[in-house]
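The structure appears below as C-alpha cells.
The values are calculated or read from the model by the stated rules, or taken from the named source; none is laboratory data. Keep in mind it's a predicted model, so treat the numbers as computed, not measured. Glycine gets a Cβ as well: all are built from the backbone with ideal geometry, and neighbour counts include every protein chain shown.
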Amino acid sequence: MTTTRVVDTIRDMLRLIKYLSRLLYRGWGPVFLYAGLIFYISGRSLPAAPVYVPFFDKIAHFFEYALLGGLVYRALKNSSVTWGRKKRAFLSVLLTMLYAFSDEVHQFYVPNRLMSAGDFLADALGAIAVVMVIEFIWRVNRS
C-alpha cells in the first residue's frame, strides 16, 4: 500500500467513526438505552405498593412513554433520511405505541405483573402529547 492509500483509509475510518458516534449520540442510541431500561424495569416482579396513590401508575406510564416518544422524534429528526414533519410525528407516535404494546405483552409473562389496556392507553397518550407539544413549539418558533 502506498502512503496515500493508507492516509485515505485512515481518513475513511475516521469519517465512519464520526458518523457512528453521531448516530448513537444524536440518533438512536438514547432511544435504545431508554427502551432497554423500560424493558428491564417492566421485567421485574414488583411487590404491592405500601401506599395506594390513585392513578399513579397511569401518570408514570404517561411520562415514561412521553420521554420515549420525544427521543424517537429526536432520532427521526436527526436521521440521515429526511422526513417531513407530519410523517416524523406520525412515525414517532407509531413506533412508541408499538414498543408500548410489546412492553405490555412482555409484562404478561412476568410474575406479579399484568398486561393492561389502561397502561397502554396512558403510554399512547404520553407519546401523542409529547409530539403535539413538540409540534406546537415548532409552530410558535416558526411564526
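Numbers for the structure displayed
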quantity	calculated
Residue that is aromatic (F, W, Y), surrounded by 13 or more Cβ atoms within 10 Å (Cβ to Cβ) and touching a residue at least 40 places away in the same chain (Cβ under 8 Å), where the choices are F101, F63, F120	F63
Flag if S79 is loosely packed, with under 15 Cβ neighbours inside 10 Å, touching a helix residue (DSSP H, G or I) at 6+ places or on another chain (Cβ under 8 Å) and among the hydroxyl-bearing types (S, T, Y)	yes
Meets criteria (surrounded by 12 or more Cβ atoms within 10 Å (Cβ to Cβ), within 13 Å of the chain's Cα centre (by Cα) and under 27 Å from M115 (Cβ atoms)) for L71	yes
Failed item, numbered, when A129 is tested on (1) within 30 Å of Y19 (Cα to Cα); (2) in contact with a helix residue (DSSP H, G or I) (Cβ under 8 Å, 6 or more places away or on another chain)	(1)
Count of segment 93-139 residues which are under 18 Å from R74 (Cβ atoms) and at pLDDT below 90	2
Residues of segment 123-135 classified as surrounded by 14 or more Cβ atoms within 10 Å (Cβ to Cβ) and either without any contact (Cβ under 8 Å) to a residue 24 or more places away in the chain or charged (D, E, K, R) (or both), total	2
So S79, is it free of Cβ contacts under 8 Å to residues at least 24 places away in the same chain and among the polar types (S, T, N, Q)	no
